[in-house]
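Reviewing the structure listed below.
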Amino acid sequence: MPKKSAKVERILDIAIELLKTEGDFGVTMRKVASVADMSLSNVQYYFKTKDDLLKAMADRYFQQCLDDLRALPVMEEEKTLRPIVSMLLSHGHELSDMCRIFREYWAISTRNESIESYLSDYYQTMVVVMKEKIAPLAKDQTSQSRAVSILIPFVEGYSVTAKAMPVSLDEMVDTIEAMLLVNLRGDY
């Protein structure tokens, strides 16, 4: 890896870790430089502003999340839906690192139009990827769109509220799986 790329990757690794552990306000250019054992001017050489750093972090992190989604198998049979729903809902129930980072980006997006745009692009791409994954189960395009429009917002919202819900994770997986199957079959 060229020296420049190694430094950029190190800066991004540290900044993402700080975002995960300390939140948006813990990610300062000075703190990233200190933890990376670099000068502030060195970090600013690669990322002129915190906004530039946040965008680069979003590019990298959202791409990793999309790559993980793309790696999921296409759901050829209805029985393949449950494990995927369970995996997606488990992130919220366990408050995974992914959930922590997304919560920070959601908060940042309320104050930062570029990050809001990055999130919107991410979710639009996520829709395309998820539609590809469930296509064999869907009666038609409308069924496919309805199922994805239930799944994605539910998973995102559940990641915030899961621990406060009076129903277990397994029961929620059953409920969401049933709702998705009704919509995928066009039984609405």
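The values are calculated or read from the model by the stated rules, or taken from the named source; none is laboratory data. Nothing here was measured: the structure is a model prediction, and the numbers come from that model. No Cβ is skipped: glycine too gets one built from the backbone with ideal geometry, and neighbour counts run over all protein chains shown.
Quick notes
- The residues in segment 50-69 that are loosely packed, with under 12 Cβ neighbours inside 10 Å and basic (Lys, Arg) can be counted, and the count is 0.
- Listing of helices (runs of 4 or more DSSP H) fully contained in segment 72-188 that carry 3 or more residues being over 15 Å from the mean Cα position of the chain (by Cα) and of a type in the set (Gly, Ala, Ser): 141-161
The rows are residues; the columns are (1) in contact with a Phe, Trp or Tyr (Cβ under 7 Å, 6 or more places away or on another chain); (2) surrounded by fewer than 15 Cβ atoms within 10 Å (Cβ to Cβ); (3) closer than 22 Å to Asp68 by Cα.
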{"site": "Ser117", "(1), (2), (3)": "no, yes, yes"}
{"site": "Lys133", "(1), (2), (3)": "no, no, yes"}
{"site": "Val155", "(1), (2), (3)": "no, no, yes"}
{"site": "Val167", "(1), (2), (3)": "no, yes, no"}
{"site": "Asp170", "(1), (2), (3)": "no, yes, no"}
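- Some residue of segment 11-23 being out of contact with any strand residue (DSSP E or B) (no Cβ under 6 Å at 6 or more places or on another chain), without any contact (Cβ under 8 Å) to a residue 24 or more places away in the chain and outside any helix (DSSP H, G or I): no
- Top-ranked residue of segment 122-165 - restricted to ones that are modelled with pLDDT under 95 and of a type in the set (S, T, N, Q), ranked as nearest to Glu77 (Cα to Cα): Ser159
- Filter pass, Gln63 being more than 28 Å from Val167 (Cα to Cα), part of a helix (DSSP H, G or I) and in the same structural domain as Glu177 (by TED's automatic domain parsing): yes
- Output for segment 35-68, where each listed residue is among the acidic types (Asp, Glu) and touching a residue at least 60 places away in the same chain (Cβ under 8 Å): Asp51
- When segment 166-188 is limited to residues that are among the charged types (D, E, K, R) and farther than 15 Å from His91 by Cα, the one that is modelled with the lowest pLDDT turns out to be Asp187.
- Meets criteria (basic (Lys, Arg), farther than 17 Å from Tyr122 by Cβ and loosely packed, with under 14 Cβ neighbours inside 10 Å) for Arg30: yes
- Being touching a Leu at 6+ places or on another chain (Cβ under 9 Å) and more than 26 Å from Ala162 (Cα to Cα) holds for only one residue in Ala135, Ala147, Ala56, and it is Ala56.
- Options Glu113, Glu104; residue that is exposed (fewer than 14 other Cβ atoms within 10 Å of the Cβ), of a type in the set (D, E, K, R) and either in the same structural domain as Asp170 (by TED's automatic domain parsing) or farther than 30 Å from Asp187 by Cα (or both): Glu113
- Restricting segment 105-133 to residues that are in contact with a Lys or Arg (Cβ under 8 Å, 6 or more places away or on another chain) and of a type outside the set (S, T, N, Q), the residue that is nearest to Thr49 (Cα to Cα): Ile115
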